[in-house]
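Undergrad: Before we start, here is the structure in question, set down as structure tokens.
The values are calculated or read from the model by the stated rules, or taken from the named source; none is laboratory data. The structure presented is a predicted model; accordingly, all values stated were derived computationally and were not measured. Glycine also receives a Cβ, built like all others from the backbone with ideal geometry; neighbour counts cover every protein chain displayed. Just the protein is used for accessible areas: all its heavy atoms, side chains included, with ligands, DNA and RNA removed. Shrake-Rupley method; radii C 1.70, N 1.55, O 1.52, S 1.80 Å.
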Amino acid sequence: MVSEKLLKELNDQFNFELESAYVYMSMAAYCSAEDYDGFAHFFIVQAQEEYQHAMKFYDFIYDVDGRAIMKAIPEPDKDYDSILDAFKKALAHEELVTSKINKLVDLAKEENNHVTLNFLQWFVEEQLEEETSMKKIISTLERIDGNFQGMYMLDKELGERVL
Ligand code: FEO
């Protein structure tokens with residue numbers, strides 16, 4: 001149903017979604033160390049979302065008679081210059097995810113694999129949402145410009161994020 005080449009790429013993306021969860025946990029750990037519990041909570045929920053993304057790939061791989069293979073996860077950055085820097089790196093990470101999803105779509109198109117194209121459509125839309133949400137937070141942080149009250153309010157707001 002799915003070529004070996006496409007299965008390998010789907011498995012790589014399964015692993016990259018797990019890696020993404022690990023990257024966001026590292027950002028959460030930085031925010032906690034800076035005593036910003038709300039920003040930390042936001043990144044913990046983001047990590048949980050990435051785990052859910054990974055599981056979507058996991059389930060799909062088995063639906064098309066493949067097998068998931070776990071790979072080593074690289075150590076993420078642990079230090080950031082600021083909360084703004086962490087969010088800028090989160091956006092850069094999402095842009096990388098988007099490019100990987102787009103490559104998967106290209107390959108599925110090349111192979112005329114409609115079931116995979118259909119599966120990937122959810123991720124195409126999700127990536128737009130993820131990038132938009134990071135961009136909004138970055139522009140708010142830039143406007144706040146380190147102001148204590150602004151940081152307090154945004155930390156409180158992001159602390160209410162639900163999965
Ligand atoms: Fe699973 Fe944030 O991309």
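Undergrad: How much length is gained if the chain between N147 and K103 is pulled fully straight, taking 0.36 nm per residue apart and subtracting their Cα-Cα distance, in nm to one decimal?
TA: Working: separation 44, 0.36 × 44 = 15.84 nm, distance 4.05 nm.
My answer for the length gained is 11.8 nm.
Undergrad: What accessible area, in Å² to the nearest ten, does a 1.4 Å probe give for V124?
TA: 50 Å²
Undergrad: On to the next question. Can you tell which of N11, N102, N118 shows the greatest fluctuation in a Gaussian network model of the chain with Cα springs below 10 Å?
TA: N118
Undergrad: Among A72, A47, A28, whose mean-square fluctuation peaks in a Gaussian network model of the chain (Cα, cutoff 10 Å)?
TA: Comparing A72, A47, A28 in a Gaussian network model of the chain, the most mobile one is A72.
Undergrad: Within the chain, what is the longest stretch that has no trypsin sites (Lys or Arg not before Pro) placed in a DSSP loop and near at most 14 other beta-carbon atoms within 10 Å?
TA: Formally, the longest exposed-site-free interval is 79-163.
Undergrad: If you don't mind, there's one more thing I want to ask. At 222 nm, what value in deg cm²/dmol follows for the chain if DSSP H runs of at least 4 each add -39500 (n - 2.57) and the sum is divided by all its residues, to the nearest 500? Present the calculation step by step, with values, prior to reporting the outcome.
TA: Numbers: 5 runs with 127 residues, N = 163.
Helix-only estimate at 222 nm: -27500 deg cm²/dmol.
Undergrad: Sorted by accessible area (1.4 Å probe), largest first, how do H93, H114, H41 line up? Display every interim value, and only then the final one.
TA: On the way: H93 20, H114 125, H41 60 Å².
Descending order: H114, H41, H93.
Undergrad: May I ask you to give the solvent-accessible area per residue for region 54-163, in square angstrom, as obtained with a 1.4 angstrom probe?
TA: On the way: 6990 Å² over 110 residues.
Roughly 64 Å² per residue, with all protein chains present.
Undergrad: How far apart, in nm, are two points set 7 Å out from the Cα along the Cα-to-Cβ line at N118 and at I69?
TA: Roughly 2.8 nm, to one decimal.
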